[in-house]
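The values are calculated or read from the model by the stated rules, or taken from the named source; none is laboratory data. Just so it is clear, the model here is predicted, and its values are computed rather than measured. Positions of Cβ are generated from backbone atoms using ideal geometry, with glycine treated the same way; all protein chains shown enter the neighbour counts. Side chains are part of the model used for accessible areas, which takes the heavy atoms of the whole protein and leaves out ligands, DNA and RNA. Shrake-Rupley method; radii C 1.70, N 1.55, O 1.52, S 1.80 Å.
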Amino acid sequence: MWAYRTIAELNVSRTGTEAQEISDGQWFPPAGTLGELVREKASRREEPTGDFTGAVPSFRAALRREFVAVIAEIKRASPSAGALRADLDAGLRAAAFEKAGAQAISVLTEPTRFGGSLADIRSAREASRLPILKKDFHTSPEHLLQAKALGASAALLIVRAVPPTVLRESIAAAREAGLELLVEVHREGELELALDSGATIIGVNARDLETLGIDSKVHFRLIPKIPASVIAIAESGMSTRLDVERAAETGADAVLIGSGLSRAADVDAVLRSLATVTRRTDVRPD
């Protein structure tokens, strides 16, 4: 039986990698940057969610191709990199991503650290036919349903951000609503929990969102452990074709690239070079 306990309640001091653990059946709220973002999201009063009721393309289906699929991200800033492209127009960027060969679009809607907004989902949806991932620090099933009302095909759910019970409830609620989820992990225990909870699309983030440090070996350690029936996405720390080729070696079906595209002087040329890396099908177990 999982129980929610705050750090103060347990009188525990946690630093470094220890902050990522679930210990003795107790779930500890995230610390560091992720903890701040999750608390801000939970308390934020946002604009009306929207009333989109039309059909949307499948996020999952878009990511199983001959080539490693590129999920191109609309990203103006980040806690780790600061300002990237403050004047970025979501609609124009979405149209450019589709033209250059992206298979899906990630839209960061978090406003304070990433410069995003819910309106960016609408702009991207109107400018592109690609499936859209709503990327934010969602902490409840209600947050995920907001993504569906905006016309997104999928939403991000970070395993470390929510208690295991909420993870399972959120996956079930999204499935019932017809919303796909990218369930994000950074450690072995999180991957096991995601699979046990029924995740069918798993993103492996090389960045520890509590410390913002990157472990370049995470993709090689975790992605080969994801069953072939589950979509596997490599996230963070990638900007070149060589990076995508390395992700392909792990068996990744797709990569999610944000800062590298935001910084690129010629987005079209960069994205075209990233979108033609052959996907390997002989790495991950059935």
Leading residue at positive end of dipole, the chain (Cβ point charges), from Val166, His219, Ala194 | His219
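Restricting to the chain, what percent of DSSP beta bridges are antiparallel, rounded to 5? It would help to have the intermediate numbers written out before the result.
On the way: 5 of 37 bridges.
The answer is about 15 percent antiparallel.
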Accessible-area composition of the chain, carbon plus sulfur, in percent [1.4 Å probe] = 50 percent
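If N is the number of residues in region 27-78, what value comes out of its Cα radius of gyration divided by 2.2 N^0.38 Å? Intermediate values should be presented prior to the final figure.
Details: Rg = 16.8 Å, N = 52, 2.2 N^0.38 = 9.9 Å.
The reported ratio for this selection is 1.70.
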In whole µm²/s, the translational diffusion coefficient that Stokes-Einstein assigns to region 39-165, given a Kirkwood hydrodynamic radius over C-alpha pairs, 37 °C and 0.692 mPa s, equals 219 µm²/s
Let me know the whole percent of all Cα-Cα pairs from region 134-193 that are separated by more than 16 Å.
-> 34 percent
Among region 128-157, those whose backbone N falls under 14 Å of a label point 7 Å along Cα→Cβ from Asp51 are 149-150
Stokes-Einstein D for region 116-246 at 10 °C, 1.306 mPa s, Kirkwood Rh over Cα pairs, in µm²/s?
-> 104 µm²/s
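Dipole magnitude of region 141-286 about its Cα centre, charges +1 at Lys/Arg Cβ and -1 at Asp/Glu Cβ only, in debye to the nearest 20? Intermediate results must be reported in sequence, preceding the final value.
Values: 16 positive and 21 negative charges, 50 e Å.
The dipole of region 141-286 has a size of about 240 debye.
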Write down the radius of gyration of region 180-286 and its Dmax, each obtained from C-alpha positions, in Å.
-> 13.6, 42
Probe 1.4 Å - accessible area at Lys99, Å² to nearest ten | 150 Å²
For Arg175 the rounded accessible area (nearest 10 Å², probe 1.4 Å, non-protein molecules ignored) is 140 Å²
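Tell me, in nm to one decimal, what length is gained between Val230 and Glu40 on full extension, where the rule is 0.36 nm per residue of separation less the Cα-Cα distance? Intermediate values should be presented prior to the final figure.
Details: separation 190, 0.36 × 190 = 68.40 nm, distance 3.10 nm.
Length gained, Val230 through Glu40: 65.3 nm.
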Assign unit charges at the C-beta atoms only (+1 for Lys and Arg, -1 for Asp and Glu), then state the dipole size of the chain relative to its Cα centre in Debye, rounded to the nearest 20.
-> 520 debye
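Okay, helix-only estimate at 222 nm for the chain: each DSSP H run of n ≥ 4 adds -39500 (n - 2.57), divide by all residues, round to 500 deg cm²/dmol; what do you get? All intermediate terms of the calculation are to be shown ahead of the outcome.
Numbers: 12 runs with 101 residues, N = 286.
That comes out to -9500 deg cm²/dmol.
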Roughly how compact is the chain, stated as its Cα Rg over 2.2 N^0.38 Å to two decimals?
-> 0.94
Which percent of Cα-Cα pairs in region 161-237 sits in each 5 Å bin, short to long?
-> 3, 16, 28, 24, 18, 8, 2, 0
May I ask you to give the solvent-accessible area per residue for the chain, in square angstrom, as obtained with a 1.4 angstrom probe?
-> 43 Å²
